[in-house]
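Single-structure report; data block below.
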Amino acid sequence: MKFIKVLLTISLCIFALLGDYIVFKSKYSSSFPFRALSDSVVHAGVGLFSSLLFFTRDHSLTSNICIYNVTLCTIASSVIDIDHFFVAKSIYLKDLSGLNQRGVFHCTTFWLLLTTILLSYTYFYKHVDAYISTWMLVVAFTSHHIRDANRRGLWCCPFGHTPPLPTNLYITLLATLPHLFSVMCAFMRPVIVKPFDYSLIV
């Protein structure tokens, strides 16, 4: 299992760096539709590797639970960008070019508040499945925001934006946070009351 952790960590870092190069520095980067679509794919891939890393520590969960939550994290990591359409007030990709304002899903404070409320609720009411899924939202938004922060900084409303994160710090955070979140999840995990039957949807 230690080998798998190391392999996934290295794969995550390489994927993020290679993805950033393809999105922003390749010969196709001058095309906004290419940048937008490929950026969403890279966000999803980073979310996928991050969620897989998250589950390498806990061997008590069923495969159905892991598959469901990895899928959730992968999709959420990419879907965060949907708020660009809200800001542009348009469903057309061409209208997203040149946006100066960031949407609410790119506000780190919003996600910290939301996930803190959800984690508190699921912990005190002992909804362990929803508790784990909430951690997937944590993994999803942190991986997305940290990757974006390499170029634009973190938006911590109402305090404004941080400076852009250096690449070495951005990659280090991507590689370490899934491990940290996994430890925190296991440490604070509520006693299960009634597990959800994931076989109904998988």
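The values are calculated or read from the model by the stated rules, or taken from the named source; none is laboratory data. Just so it is clear, the structure is predicted and the values come from calculations on it, not from any experiment. In this analysis, Cβ positions are derived from the backbone assuming ideal geometry, glycine residues included, and neighbour counts consider all displayed protein chains.
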Exactly one condition in (1) assigned to a helix (DSSP H, G or I); (2) surrounded by 14 or more Cβ atoms within 10 Å (Cβ to Cβ) is false for Ile117; which is it? (2)
Flag if Lys94 is without any contact (Cβ under 8 Å) to a residue 24 or more places away in the chain and among the charged types (D, E, K, R): no
Contact list please: Cβ distance under 8 Å, first residue in segment 180-202 and at pLDDT 85 or above, second residue assigned to a loop (DSSP other than H, G, I, E, B) and not aromatic (Phe, Trp, Tyr), pairs at least six apart or on different chains. Ser182/Thr56; Ser182/Arg57; Ser182/Asp58; Val183/Arg57; Cys185/Asp58; Ala186/Arg57; Ala186/Asp58
Looking at Phe187, Phe159, which one is farther than 16 Å from Ile14 by Cα and not in a helix (DSSP H, G or I)? Phe159
Tell me the helices (runs of 4 or more DSSP H) entirely within segment 1-107 that contain at least 3 residues that are under 16 Å from Pro178 (Cβ atoms) and in contact with a helix residue (DSSP H, G or I) (Cβ under 8 Å, 6 or more places away or on another chain). 2-25, 32-54, 63-79
Only one residue in Ala130, Ala149, Ala140, Ala175 is part of a helix (DSSP H, G or I), in contact with a Ser or Thr (Cβ under 6 Å, 6 or more places away or on another chain) and more than 24 Å from Tyr68 (Cβ to Cβ), so which one is that? Ala175
Output the number of the condition that Ala186 fails; it satisfies all remaining conditions of (1) surrounded by fewer than 14 Cβ atoms within 10 Å (Cβ to Cβ); (2) of a type in the set (Gly, Ala, Ser); (3) within 24 Å of Gly19 (Cα to Cα). (3)
Matching residues in segment 153-179 - criterion: being at pLDDT 95 or above and either loosely packed, with under 12 Cβ neighbours inside 10 Å or hydroxyl-bearing (Ser, Thr, Tyr) (or both): Thr162, Pro163, Pro166, Thr167, Asn168, Tyr170, Thr172, Thr176
Out of all the residues in segment 75-92, is one or more surrounded by 16 or more Cβ atoms within 10 Å (Cβ to Cβ), of a type in the set (Ser, Thr, Tyr) and modelled with pLDDT of 95 or more? yes
Before we move on, is Trp111 closer than 24 Å to Thr172 by Cα, surrounded by fewer than 21 Cβ atoms within 10 Å (Cβ to Cβ) and either modelled with pLDDT of 95 or more or in contact with a Lys or Arg (Cβ under 8 Å, 6 or more places away or on another chain) (or both)? yes
